[in-house]
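One structure is given here, and the rest of the page talks about it.
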Amino acid sequence: MNPERYNNNSQTNPRKRPLVEEPNNDKQPITLNSMVVAIDHSNLFYTVCSICEKTLPEPSPNTHISNSSSSSSSSIPFCKNCNFNSASSGSKRLFRVLMSIATEKRVVVVIMFDRAARVLFGCSADEFFDFAKTHPFAAASAGNALEGEMLKITLSQPKNGNARHLRVVSVFPLRTGFQPVIETLRELYRARGGS
Ligand SMILES: [Zn+2]
């Protein structure tokens, strides 16, 4: 994986780079081996507009209850960017996973977005969400399945100044026989005789 791909600024204008070579100022992505300590399985996704992929507000959980009048219209996520009403399948979920990893030196919390998370989950966020609808403990089980997993992980500093966590640029499972979470869960629920 080439981390430069994710850094549009330096690609479009290489002259912005300082002429004097600086010592490691922590702006370069770093690659290290780590172990998964835990993931925050209570909040694995966010919702985006399927057209422009801008983040949408979470749909109100009581949308389906208040269908008596037009009062539900306020709870339908609406993309302000392209003026698209996302109620008609115009939205999709992407992974956004907070994960604690242990490196040689310390435990850090990192944030993993869709591209990297798919490597570990083995499916799209929408597919996982659908699976979790019929398997209520799927998210917690996913956390259990990933705990202790050894990963070669590339981290970058957040580009957004408000972001607090190092961002996972790429992830590579080190264990021989690693299988994505969705495969593990399907086997697990099959073995339990669940639906
Ligand atoms: Zn949009």
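Read-outs: derived from the displayed coordinates by stated rules, not from any lab. Only a predicted model underlies this, so the values are computations on that prediction, with no experimental measurement involved. Quick reminder, even Gly has a Cβ in these numbers, built from the backbone with ideal geometry, and neighbours come from all protein chains shown.
Based on the mean of other Cβ atoms within 10 Å per residue, sort peptides 101-108, 165-172 so the most packed one is first.
So the peptides 101-108, 165-172, ranked by packing, come out 165-172, 101-108.
Excluding M112 itself, calculate the net charge of residues whose Cβ lies under 12 Å from the Cβ of M112, where each Lys or Arg counts +1 and each Asp or Glu counts -1.
On the way: positive: R96, R115, R118, R167; negative: D40, D114.
Local net charge: +2.
Using a 7 Å offset from the Cα along the Cα-to-Cβ direction at both L98 and R186, what is the distance between the two label points in nm, to one decimal?
3.1 nm
Going Cα to Cα from K80, which lysines come in below 18 Å? Please leave out same-chain ones fewer than 8 positions away.
K54, K92
In nm, what is the difference between 0.36 nm times the number of residues separating F178 and T31 and their Cα-Cα distance?
Separation in residues times 0.36 nm, less the Cα-Cα distance, equals 51.0 nm.
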